[in-house]
């Protein structure tokens with residue numbers, strides 16, 4: 001049954017731009033940034049091909065995995081980096097092809113938390129809980145961060161991107177500002193909800209002053225930190241309230257703790273142990289059980305409901321466990337979100353949106369085992385597909 005008339009295949013707006021449908025590829029760490037010193041941080045051709053393939057298969061909005069705004073802000077050496085012209089230029093041809101296929105591309109910009117100070121080796125933190133091992137960000141540090149984000153956004157526009165997403169979820173420096181559990185600052189960036197979102201506002205203002213007010217700026221944020229005294233759905237709703245005039249779209253995710261609540265799973269040992277030496281399998285299984293939480297469909301929906309109730313006019317994208325086409329239609333038709341966002345399903349099948357439209361699939365083939373994320377050192381791809389020889 002063809003589904004071209006579904007609400008999911010109708011256009012939707014994010015700020016000044018229009019997407020051809022309501023499907024979004026959520027930013028997913030790919031590990032496909034160049035580690036060669038001469039081309040460090042450039043996207044490898046495999047990554048560019050991956051993004052173009054998504055556009056050929058009807059994905060409305062494509063967001064490549066997080067691009068660091070500074071080399072110091074990288075968590076992995078094979079991340080993307082976007083702070084030099086040559087890194088932006090490597091994307092231009094691919095973005096042009098993505099546009100020819102009718103899709104849009106936003107870069108996700110980030111500065112990962114827990115980075116060490118070059119001078120004394122202490123961890124640079126939003127708040128210092130232990131001065132011997134942590135150094136609280138100074139005003140000069142914050143000013144530098146704002147400059148780095150705005151410069152990367154400038155490069156994103158230069159590359160041809162349609163907008164950017166600030167990564168304010170998971171374990172990013174901006175999520176630490178938003179979390180009352182981790183932000184104990186006594187200056188204008190801490191205390192009240194309004195103060196905790198201040199740095200996000202200042203980054204956006206600087207980006208808009210450089211790229212123009214019409215350039216879309218979105219954020220990915222936690223609807224729930226899942227840590228004591230952290231962001232709750234009610235606090236997340238306050239974040240949206242304070243940012244709604246600055247942010248063109250809010251992607252609702254979760255988790256700031258050690259457990260991977262942002263990628264809930266059902267452990268599949270055959271996929272998990274794929275290409276893993278037998279003597280390492282027991283340790284990997286133990287780590288998987290400790291790190292992960294049980295999967296259920298649309299696991300961020302409860303947070304989204306609270307956020308939507310208090311912010312009826314916000315443009316919201318929901319990510320997290322969306323697998324069934326009927327469920328995606330339901331959450332959009334109900335008005336809870338404007339856009340449906342997926343990550344792991346696109347690793348399992350980059351053509352899933354096209355197959356939804358053609359009526360040949362009603363559910364993603366992703367089994368939610370998270371082997372793709374638990375074994376990143378072996379490459380971020382669908383191990384279930386490889387084990388079962390699924391092409």
Would you mind putting 320-326, 289-295 in packing order, based on average other-beta-carbon counts within 10 Å, highest first? 320-326, 289-295
Percent antiparallel among DSSP beta bridges with both residues in the chain, to the nearest 5? 20 percent
Answer rounded, prolate or oblate for the range 304-387, using the Cα gyration tensor with square roots of eigenvalues a ≥ b ≥ c: rounded when a/c is under 1.5, else prolate when a/b is larger than b/c, else oblate. oblate
Using the Kirkwood radius over C-alpha pairs as Rh, can you work out the diffusion coefficient of the range 78-175 via Stokes-Einstein at 37 °C, viscosity 0.692 mPa s, in µm² per second? 218 µm²/s
Run the numbers on the chain and let me know its relative contact order in percent, using alpha-carbon pairs under 8 Å that are six or more apart. 16 percent
Under the rule a/c < 1.5 gives rounded, and otherwise a/b versus b/c splits prolate from oblate, where does the chain land using the Cα gyration tensor? rounded
Determine Rg/Rh for the range 129-285; Rg is computed over alpha-carbon atoms and Rh is the Kirkwood hydrodynamic estimate from the same atoms. 1.06
Determine the shape class of the range 58-121: with a ≥ b ≥ c the square roots of the Cα gyration tensor eigenvalues, call it rounded for a/c under 1.5, and otherwise prolate if a/b is greater than b/c, oblate otherwise. prolate
Would you list the P(r) distribution for the range 1-129, with all Cα-Cα distances sorted into 5 Å bins from 0 and each bin expressed as a whole %? 2, 10, 18, 18, 16, 12, 9, 7, 4, 2, 1, 0, 0
Which of the peptides 364-372, 194-202, 3-11 is most tightly packed, and how do the rest follow, going by the mean number of other Cβ atoms within 10 Å of each residue? 364-372, 194-202, 3-11
Could the peptides 87-100, 24-37, 170-183 be put in order, highest first, of the mean number of other beta-carbon atoms found within 10 Å of their residues? 170-183, 24-37, 87-100
Length-normalised contact order for the range 1-88 - Cα pairs under 8 Å, 6+ apart - percent: 30 percent
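No value in this document is a laboratory result; all are computed from the given coordinates. What you see is a predicted model; the values in this text were computed from it and never measured. Here Cβ is always computed from backbone atoms with ideal geometry, including for glycine, and neighbour counts include all displayed protein chains.
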